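Please read the structure below before turning to the comments.
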Amino acid sequence: MANKPTAYNNRLGLKGWVYAGNYTFERYLYIGHRLSGLGLIAYMVLHIIETANRMRGEEAWAALMGLFASPVFKIVEYLLFAAAVFHAMNGVRLLLVELGFFLGKPQEPIFPYKSSVMKHRPLTYIIMLLAGLLMALGGSSLFFK
Amino acid sequence: MRETRLWSLHILVIPVIAVLLGMHFAVQHYAPVFYGMSVEKARDFATMIERGRSTAQFVVYILLLAAGLYHGLYGTRGIIRELPLSPAMAKVVDWGILTVGVLIFALGAYVTWWTFVHPGV
Ligand code: HEM
Ligand code: HEM
Ligand code: HEM
């Protein structure tokens with residue numbers, strides 16, 4: 001019964017959130033993209049509520065900014081920055097894939113098969129190296145100025 | 001068709017987010033680099049109010065609110081709707097996400113407006 005073919009029942013469900021197999025490099029990027037996206041939207045909602053504190057006046061605002069200057073928040077800040085960089089860089093890669101760039105020309109499927117994922121992978125590595133570089137730069141200006 | 005439009009919007013707002021969030025970072029974090037101003041000063045109450053009183057900042061914040069919230073909340077909706085929800089539950093999720101988005105946007109827009117019309121400090 002579990003897989004009764006209805007419009008909404010034919011999915012992996014909670015299991016698909018946690019484990020859906022095929023753990024290639026792109027699969028880890030997918031998990032990272034999802035977690036960073038959720039982190040950013042959670043931050044954005046809190047951030048809008050938090051910056052609304054300015055309406056309570058100058059003292060309230062200064063107290064809040066003082067709290068954010070603490071070491072713990074500096075680390076939180078860096079994690080958020082790293083998440084934003086990763087999400088944006090991997091997002092650019094996803095856009096290229098979705099719009100069909102750098103996937104190779106369509107070919108007749110003759111053995112040995114060539115996968116467009118593998119065609120794309122050198123670019124994937126380059127983009128991730130760039131993301132790593134940006135994170136290191138952001139961190140160096142934040143922690144060792 | 002409706003789903004295609006919603007997804008296209010999710011993708012189309014990305015350039016808006018990339019540019020505006022980049023500017024936001026430049027103001028809040030690279031102030032020493034771009035504005036010759038310390039980060040403390042950039043986040044100071046008076047500086048913030050002055051910034052928010054300019055029309056350019058007003059437009060930037062309203063657009064960033066709309067684009068960021070739409071992109072992020074549409075993404076969240078997609079994640080939740082991967083679960084095997086009944087059509088009724090899927091509707092509840094859609095309306096819940098929409099309500100959160102509208103409320104948070106309203107708060108953000110009100111605060112942006114409050115700053116824009118602030119007499120100054
Ligand atoms: C993403 C979330 C971020 C948050 C919440 C955040 C928050 C903060 C806070 C609270 C401070 C301390 C301010 C102070 O001492 O008054 C700070 C300082 C700083 N941030 Fe960020 N930041 C973020 C991202 C970034 C990014 C993306 C960069 C650059 C790549 C950056 C560069 C800096 C630098 C260079 C300082 C020190 C400047 C100084 O003390 O003169 N931050 N940030
Ligand atoms: C320059 C910045 C950004 C870029 C290039 C970007 C790009 C993308 C792309 C390409 C997707 C996947 C769309 C798809 O495959 O259908 C996506 C998903 C998502 N994004 Fe962004 N995004 C950016 C900023 C943000 C921000 C600021 C937030 C939060 C406010 C956010 C939250 C999300 C969420 C929650 C998802 C869904 C993830 C999933 O389904 O696993 N993104 N983003
Ligand atoms: C990285 C750390 C961040 C810091 C320190 C920061 C700081 C601030 C500050 C101080 C304000 C008040 C207005 C002003 O000073 O001009 C503000 C407003 C705002 N920020 Fe950020 N921000 C950060 C990241 C983000 C991110 C990642 C997003 C979007 C995903 C975002 C979206 C907004 C929006 C939409 C407003 C306007 C809110 C309103 O007017 O109600 N910020 N931010």
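Just so you know, all these numbers are worked out from the coordinates, no wet-lab data involved. Note that the structure is predicted; figures quoted are calculated from it, not measured. Glycine gets a Cβ as well: all are built from the backbone with ideal geometry, and neighbour counts include every protein chain shown.
Values computed for the structure shown
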item: Positive dipole terminus of the protein assembly as shown, leading residue within B:I97, B:P84, A:L96 (C-beta point charges); result: B:P84
item: Chain B: angle of helix B:2-28 to the longest principal axis, Cα-based, in degrees nearest 10; result: 20 degrees
item: Unit charges at the beta carbon, dipole of segment A:24-143: most positive-side option, A:M128, A:A52, A:A82; result: A:M128
item: Computed Rg/Rh of chain B, alpha carbon atoms with Kirkwood Rh; result: 1.08
item: Percent breakdown of C-alpha pair distances by 10 Å bin, ordered from the shortest bin, for chain A; result: 9, 25, 28, 21, 12, 5, 1, 0
item: Cα-based convex hull volume of the protein assembly as shown per residue, rounded to whole Å³; result: 176 Å³
item: Diffusion coefficient, µm² s⁻¹, Stokes-Einstein with Kirkwood Rh over alpha-carbon pairs of segment B:15-69 at 20 °C and 1.002 mPa s; result: 185 µm²/s
item: Between 0 and 90°, nearest 10: helix B:55-80 axis offset from chain B longest Cα axis; result: 30 degrees
item: Added length on full extension, which subtracts the Cα-Cα distance from 0.36 nm per residue, A:A63 to A:A136; result: 23.3 nm
item: Cα long-axis angle, helix A:116-143 against chain A (0 to 90 degrees, to the nearest 10); result: 10 degrees
item: Within-12-Å neighbourhood charge of A:M65 [Cβ basis; K, R +1; D, E -1]; result: -2
item: ³J(HN,Hα) computed for each position of segment A:73-81 - Karplus, 6.51 cos²θ - 1.76 cosθ + 1.60, integer Hz, glycine/proline x; result: 6, 5, 6, 4, 4, 5, 4, 5, 4
item: Of A:L64, A:I31, B:V27, farthest towards positive along the dipole that unit charges on Lys, Arg, Asp, Glu beta carbons give the protein assembly as shown; result: A:I31
item: Zone residues, segment B:92-121, relative to B:E50, backbone N less than 13 Å from point 7 Å out along Cα-to-Cβ; result: B:120-121
item: Sum of side-chain charges, A:P106 neighbourhood, beta-carbon under 15 Å (Lys, Arg +1; Asp, Glu -1); result: +2
